[in-house]
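Asker: Quick one: this structure, given as structure tokens, is what I'll be asking you about.
The values are calculated or read from the model by the stated rules, or taken from the named source; none is laboratory data. Note that the structure is predicted; figures quoted are calculated from it, not measured. All Cβ positions, glycine included, derive from the backbone under ideal geometry; neighbour counts span all protein chains shown.
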């Protein structure tokens with residue numbers, strides 16, 4: 001099984017210098033290593049060519065963000081499995097073999113993520129994926145090991161291999177055939193939530209997505225846009241609504257959208273009370289952009305094959321966490 005590890009880079013020379021050595025040390029025997037550069041203004045490409053000559057370079061003509069950046073780069077890579085890895089990921093010894101083995105033994109599994117822990121505190125799971133992603137009825141994502149901003153410590157409670165709803169874009173493995181069959185990432189997203197949308201489409205086609213706890217990576221997080229940036233709030237809220245409109249079964253759609261829009265309004269009020277008005281305005285901007293693009297995204301809806309319509313694990317993670325006070329995934333009902 002031919003594997004390609006592709007690191008999407010924009011202006012990330014320092015991150016490449018920090019994390020490429022471990023990537024080469026622990027991956028070169030099992031995969032080809034690529035850096036896909038999104039037209040960086042720094043000297044990232046020159047640095048990689050001179051310092052890591054075994055790394056293959058793909059130079060995108062523009063910065064199309066995560067979605068278009070990977071869509072463009074993957075057209076030039078021949079592999080059975082794509083491993084899409086953020087430039088701020090530190091891989092560990094033997095991180096690839098358990099995942100490759102799972103792909104080989106489970107033909108219906110088309111996407112996988114490893115255990116993702118916090119580079120800044122290696123005892124804890126990391127926000128972007130933790131031990132595998134899920135989604136509630138209203139399109140709010142959460143993870144084993146992470147409910148909203150509450151991060152669990154890793155006490156080996158998630159060392160298993162199990163089905164999940166979405167795999168983190170920070171370290172995202174997918175079969176090449178399925179990636180292209182589903183037209184890759186939605187380029188209108190630019191960044192944030194695009195992996196959840198792709199996983200939702202994968203699930204709607206009846207395929208499996210898994211978490212493999214034998215494989216561990218560490219993620220810095222926020223290297224492109226951190227949580228304090230209103231741009232990230234805008235993209236997350238807007239793209240989440242786009243994904244609901246594209247992927248929720250028809251008999252759920254109106255109800256789910258209505259409740260979600262109301263809950264977003266509550267989130268906006270919360271930002272105001274926290275004296276973060278720019279994030280409140282980011283939600284308003286996201287909603288107006290969503291309303292404007294409703295006709296476009298209705299055309300993107302595909303045939304949904306999940307007749308049971310049971311894509312969600314709990315009805316409201318907001319209720320479970322903020323009202324009932326549940327902090328860990330194991331407490332969710």
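Asker: All but one of (1) at positive phi; (2) in contact with a strand residue (DSSP E or B) (Cβ under 9 Å, 6 or more places away or on another chain); (3) surrounded by 17 or more Cβ atoms within 10 Å (Cβ to Cβ) hold for residue 118, so report the exception by its number.
Answerer: Unmet for residue 118, out of (1) at positive phi; (2) in contact with a strand residue (DSSP E or B) (Cβ under 9 Å, 6 or more places away or on another chain); (3) surrounded by 17 or more Cβ atoms within 10 Å (Cβ to Cβ): (1).
Asker: Only one of 172, 179, 165 is under 15 Å from residue 144 (Cβ atoms), touching a strand residue (DSSP E or B) at 6+ places or on another chain (Cβ under 7 Å) and touching a residue at least 60 places away in the same chain (Cβ under 8 Å); which?
Answerer: None of the other options fit; the residue is 165.
Asker: Only one residue in 66, 34 is within 17 Å of residue 172 (Cβ to Cβ) and not in a helix (DSSP H, G or I), so which one is that?
Answerer: Step by step, each of 66, 34 is checked, and only 34 is within 17 Å of residue 172 (Cβ to Cβ) and not in a helix (DSSP H, G or I).
Every residue, every condition in (1) assigned to a loop (DSSP other than H, G, I, E, B); (2) closer than 23 Å to residue 238 by Cα, yes or no:
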residue: 139; (1), (2): yes, yes
residue: 158; (1), (2): yes, no
residue: 162; (1), (2): no, no
residue: 169; (1), (2): yes, yes
residue: 174; (1), (2): no, no
residue: 178; (1), (2): no, no
residue: 183; (1), (2): yes, yes
residue: 188; (1), (2): no, yes
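Asker: Assuming residue 149 fulfils every condition listed in (1) at pLDDT 95 or above; (2) surrounded by fewer than 22 Cβ atoms within 10 Å (Cβ to Cβ) apart from one, which condition is it?
Answerer: Every listed condition holds for residue 149 apart from (1).
Asker: Taking the conditions exactly as written (in contact (Cβ under 8 Å) with a residue 24 or more places away in the chain, under 28 Å from residue 246 (Cβ atoms) and touching a helix residue (DSSP H, G or I) at 6+ places or on another chain (Cβ under 6 Å)), does residue 133 satisfy them or not?
Answerer: No; evaluated as a whole, the condition is false for this residue.
Asker: Here's another thing I want to ask about it. Take residue 98 and decide whether it is within 19 Å of residue 170 (Cβ to Cβ) and outside any strand (DSSP E or B).
Answerer: Here the answer is yes, as residue 98 does meet what is asked.
Asker: Return yes or no: is residue 317 touching a strand residue (DSSP E or B) at 6+ places or on another chain (Cβ under 7 Å), modelled with pLDDT of 95 or more, surrounded by 14 or more Cβ atoms within 10 Å (Cβ to Cβ) and under 16 Å from residue 139 (Cα atoms)?
Answerer: Criteria met by residue 317.
Asker: Residues in segment 311-320: is at least one outside the structural domain of residue 165 (by TED's automatic domain parsing), over 24 Å from residue 186 (Cα atoms), free of Cβ contacts under 8 Å to residues at least 12 places away in the same chain and over 23 Å from the mean Cα position of the chain (by Cα)?
Answerer: So far as segment 311-320 goes, yes, one or more of its residues are outside the structural domain of residue 165 (by TED's automatic domain parsing), over 24 Å from residue 186 (Cα atoms), free of Cβ contacts under 8 Å to residues at least 12 places away in the same chain and over 23 Å from the mean Cα position of the chain (by Cα).
Asker: Out of (1) in contact with a strand residue (DSSP E or B) (Cβ under 9 Å, 6 or more places away or on another chain); (2) touching a residue at least 60 places away in the same chain (Cβ under 8 Å); (3) at negative phi, what's the single condition that is false for residue 148?
Answerer: Result: residue 148 passes all but (3).
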